[in-house]
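Single-structure report; data block below.
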């Protein structure tokens, strides 16, 4: 197993640690959980950079890396719904988009087509990560100046989630081979 894949596995292993720490009934557990989330999110950039620059891209990495990202993000969003920090409908939209685009990618892969990440998808990921971190940190430090940046970035993440999902679908509609319906 190469280094990028080991880093991806580390991210997967950090998810249950994140969940446990988030649910600890101790002071500042949300800050500790945020630190774990940030570390896990950073590993996504690291493993991808190493894989591309050192030509260590593998089929396992192509599968496990986006899966690890979706599990980490989904876990955080679901936990935040559970403590009443965000509405469940937003998480449903975000997760539904992820299932839909993953389905498109599976169909495309079965046809030998690779659907690359778009700039909309990258913006979606960045805004999701920022909003989750701010939500985990109780909007620190922006709560002291009464700027609800956590919620602003959450709604931006929702917007970019929908826009990137529509963009993927429209650009790859031929993958579905609608004549087969």
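A few notes on this one:
- With Cα atoms, 0 to 90° folded angle of helix 3-23 axis to the chain main axis: 40
- When the alpha carbon gyration tensor of region 1-68 is reduced to an equivalent ellipsoid, the three semi-axes, largest first, read 27, 11, 7 Å.
- Legend: calculated FRET efficiency, residue 67 to residue 173, from the Cβ-Cβ distance at R0 = 22 Å, rounded to 0.05, equals 0.35.
- Between 0 and 90°, nearest 10: helix 119-136 axis offset from the chain longest Cα axis: 20
- Span per principal axis, largest first, for the Cα atoms of region 87-181 (Å): 56, 23, 17
- As a rough footprinting exposure proxy, the listed residues 1, 151 were ranked by other beta carbons within 10 Å of their own, and the order from fewest upward is 1, 151.
- Panel values: the chain, Kirkwood radius from alpha carbon pairs, Stokes-Einstein at 4 °C and 1.567 mPa s, translational diffusion coefficient 75 µm²/s.
- Helical runs assigned H by DSSP (4 residues or longer) give the chain a calculated mean residue ellipticity at 222 nm of -26000 deg cm²/dmol, each run adding -39500 (n - 2.57) before division by the residue total.
Values in this text are rule-based calculations from the coordinates and carry no lab data. Predicted model, so just to flag it, every value in this text is computed and none were measured. Neighbour counts are summed over all protein chains in view; Cβ atoms, including those assigned to glycine, are modelled from backbone coordinates with ideal geometry.
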